[in-house]
Amino acid sequence: MNDEPPLSRRFGRLTVTVTRGDIARQEVDAVVNAANNRFWMGGGVAGALKRAGGEELEAEAVRQGPVEPGQSVVTRGGRLPARHCIHAAVMGQDLATSADLIRTATLSALDAAAGLDAKTVAFPALGTGVGGFPLDETARLMFGAVLERAPGTGLEEVRFVLFTDEAFRAFARILEGTGRNDRRNA
């Protein structure tokens, strides 16, 4: 992994951060899992969270499913440093995603975080692994959803935790270009 420093920008009372790293190691109130609508945790982000957090993450999520793609469920964090895991169903069993599902799943996860009175939440790049959605488009969709929904919640930080250099660069480009004319930025 590259040692890129985290990038942050303030939008009113909300800080949006883009960082490289392992989402399973984030010390936040909630981490978001890029899930399927039945919440089976195989590889990618889901597999990393399950390995770090324990089998109970999957068992607790599966009991709450299936749901419609785009919806989220919340579980305890298990052995993760995060108190909670928000499982955002960004795809169905066909493992296909879309711009609408990425946006809807992001909004749903933000609503779930707000329902937990979370102050900090960490997201991966939803839909870009198994779902194969383009990173640049995912970054644009997720930032749009965060700036639409998060400022009206008690969230203080939304952190995008990216595993690859390519993902980090895609999200960094959006962060650097977002809100340049917005007086709410610090």
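The single condition among (1) acidic (Asp, Glu); (2) closer than 11 Å to Val158 by Cα; (3) without any contact (Cβ under 8 Å) to a residue 60 or more places away in the chain that Glu55 does not satisfy is (2). When Asn33 is tested against (1) under 15 Å from the mean Cα position of the chain (by Cα); (2) assigned to a loop (DSSP other than H, G, I, E, B), only condition (2) is not met.
Of the residues making up region 146-169, those that are in contact with a strand residue (DSSP E or B) (Cβ under 7 Å, 6 or more places away or on another chain) and not basic (Lys, Arg) number 12. Among the residues of region 57-73, are any at pLDDT 95 or above, of a type outside the set (Gly, Ala, Ser) and in a strand (DSSP E or B)? Looking for residues that are at pLDDT 95 or above, of a type outside the set (Gly, Ala, Ser) and in a strand (DSSP E or B), one finds at least one in region 57-73, hence yes. A count restricted to region 1-35 and to residues that are without any contact (Cβ under 8 Å) to a residue 60 or more places away in the chain and of a type in the set (A, V, I, L, M) stands at 2.
The values are calculated or read from the model by the stated rules, or taken from the named source; none is laboratory data. For clarity, every value in this text was computed on a predicted model and none was experimentally measured. Methodologically, a virtual Cβ is constructed for each residue, glycine included, from the backbone with ideal geometry; neighbour enumeration extends over all protein chains shown.
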